[in-house]
1. Would you please give the FRET efficiency between residue 14 and residue 62, computed as 1/(1 + (r/R0)^6) with r the Cβ-Cβ distance and R0 = 30 Å, to the nearest 0.05?
2. So for each of 33-41, 51-59 I average, over its residues, the number of other beta carbons within 10 Å; can you give me the resulting order with the highest mean first?
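What follows is calculated from the coordinates using simple rules that are stated; it is not laboratory data. This one's a predicted model, so the numbers in the text were calculated from it and none came from an experiment. No Cβ is skipped: glycine too gets one built from the backbone with ideal geometry, and neighbour counts run over all protein chains shown.
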Amino acid sequence: MKCAFCGYTYEQDEAALVCQGCGLFGGCHLTKCPRCGYEQPQEPAVVQWLRRWRARRAIEAATRER
Ligand SMILES: [Zn+2]
């Protein structure tokens with residue numbers, strides 16, 4: 001997740017810590033930038049999935065090299 005306002009990159013669960021005004025995260029379908037507080041729509045699920053998949057691949061590759 002990248003803030004469209006200040007460019008800060010953060011994770012969805014990081015934003016959930018900030019978003020306490022609306023109870024359960026996911027109810028408002030907005031994420032809030034931990035740095036500047038700018039609210040924007042969540043990334044599409046497919047984008048999140050792709051990013052997690054790439055991160056997992058990177059971890060696996062690093063593990064194999066040890
Ligand atoms: Zn921001």
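1. Result of the calculation: an efficiency of 0.85.
2. The most tightly packed comes first, giving 33-41, 51-59.
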